[in-house]
Amino acid sequence: MISFPILIFNGPHSIWLITGRGAMLRSTPLREEEISDKTVNRLIEEVKQLVAENTMLKIENKTLMDKNEKLIEKLNNGNILYNYPNITES
């Protein structure tokens, strides 16, 4: 975890660290109003939201990977035939 003082001075830009957007390095120190409790709380809430979204995407990805694996297994065992799409139909 990155310590709070690094975020205040000329280290990595906190928005870039959290979201990957914007400039990676900050050219000037944060102004006092930028390090208020309100800003820190907003960033914490944004991180929580991103973590929740990431968790849901991981679950969905796992579900889709499992379905894909089962389909491949059925195809390999000859239990189902792959129906190639007819590209001549519109």
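The values are calculated or read from the model by the stated rules, or taken from the named source; none is laboratory data. In this text the structure is predicted, and so the values were computed from the model without any measurement.
If only residues of segment 8-34 that are of a type outside the set (Ser, Thr, Tyr) and assigned to a helix (DSSP H, G or I) are counted, the one that is modelled with the lowest pLDDT is Ile8. None of Asp66, Asp37 is at pLDDT below 85 and more than 18 Å from Leu17 (Cα to Cα) except Asp37.
Being within 15 Å of the chain's Cα centre (by Cα) and either under 27 Å from Ile18 (Cα atoms) or at pLDDT 95 or above (or both) is a description that applies to Leu50.
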